[in-house]
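This report concerns only the one structure given below.
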């Protein structure tokens, strides 16, 4: 019996593959239901929805480190994790073999935000690493890696979707070997390790003292779900889409509006904001947004 652990959309194709290939997934472990949206509706994870649709038992501990014994008692042959969202306790890993589908080419970008950081840093490629799990963050031996190119139009949503398919295919290929313990593995080179720690709110802020490219990449890495943010007249505005501009006669933080287009100065030149959402308002194209408000016309930018 296999225990699958995952939470967001990235995890869904991997769980679906296990179900379609008729592996015995006896338990799905996912994060507790969360309040979502302006109306604060209690919403299950996408992984939980798939599990329930397929009559698979779901376990949702708020803190896995304190509540893992139930998994051990089931005596599964393997744990498979894919963007679960909590650290597996040492006691669990000592009892049950576990593998992880990680969204980077390890040892680059250990941590909870590898896809975001690949976009933040403007990388031209990334990939999936299928790895053994140990009680040290993403430090286990590697079973196999699969590389893909990052398209210039990719944001977090599109790149995460591509990588989840890559991860599903890679696990499908190697899972028989893993279950029969018939595979080779490669230790990670500790000298090449970099980290992509789980994002804090401050990591989601735009910084117009940085270059336009830096801000554009930050927006891509946080779209379409979270959104990068800026603060103007103490009002939070999330930005979901942008493009680089050729306007250079503009100072950092300076706002320029022309023909219902919104430009903000960065350290080198302007960035054009294409899609945004003011706190408490709907998400809109910039053109539609500027038709109905004057926040950017009269407002002042706030540094965080």
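The values are calculated or read from the model by the stated rules, or taken from the named source; none is laboratory data. Here the structure is a predicted model, which means the values were calculated and not measured. Glycine gets a Cβ as well: all are built from the backbone with ideal geometry, and neighbour counts include every protein chain shown.
So here's what we get for this one:
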read-out	value
Which numbered condition residue 241 misses (of (1) in a loop (DSSP other than H, G, I, E, B); (2) surrounded by 14 or more Cβ atoms within 10 Å (Cβ to Cβ))	(1)
Only listed residue being assigned by TED's automatic domain parsing to the domain that holds residue 15, without any contact (Cβ under 8 Å) to a residue 60 or more places away in the chain, under 16 Å from the mean Cα position of the chain (by Cα) and closer than 19 Å to residue 78 by Cβ, chosen from 138, 123	138
Single condition residue 247 does not satisfy, out of (1) within 29 Å of the chain's Cα centre (by Cα); (2) at pLDDT below 95	(1)
Filtered residue count, the stretch 32-62, keeping only those that are in contact with a helix residue (DSSP H, G or I) (Cβ under 6 Å, 6 or more places away or on another chain) and within 17 Å of residue 10 (Cα to Cα)	3
Meets criteria (surrounded by 13 or more Cβ atoms within 10 Å (Cβ to Cβ) and closer than 25 Å to residue 167 by Cα) for residue 84	yes
Flag for residue 213 being at pLDDT 95 or above, part of a strand (DSSP E or B), in contact with a strand residue (DSSP E or B) (Cβ under 8 Å, 6 or more places away or on another chain) and closer than 22 Å to residue 115 by Cα	no
The listed residue being in contact with a strand residue (DSSP E or B) (Cβ under 9 Å, 6 or more places away or on another chain), part of a helix (DSSP H, G or I), within 30 Å of residue 1 (Cα to Cα) and assigned by TED's automatic domain parsing to the domain that holds residue 17, out of 168, 160	168
Residue tally, condition touching a helix residue (DSSP H, G or I) at 6+ places or on another chain (Cβ under 6 Å), closer than 12 Å to residue 134 by Cα and assigned to a loop (DSSP other than H, G, I, E, B), over the stretch 81-113	1
Residue 223 vs. criteria free of Cβ contacts under 8 Å to residues at least 40 places away in the same chain, under 20 Å from residue 150 (Cβ atoms) and touching a strand residue (DSSP E or B) at 6+ places or on another chain (Cβ under 6 Å)	no
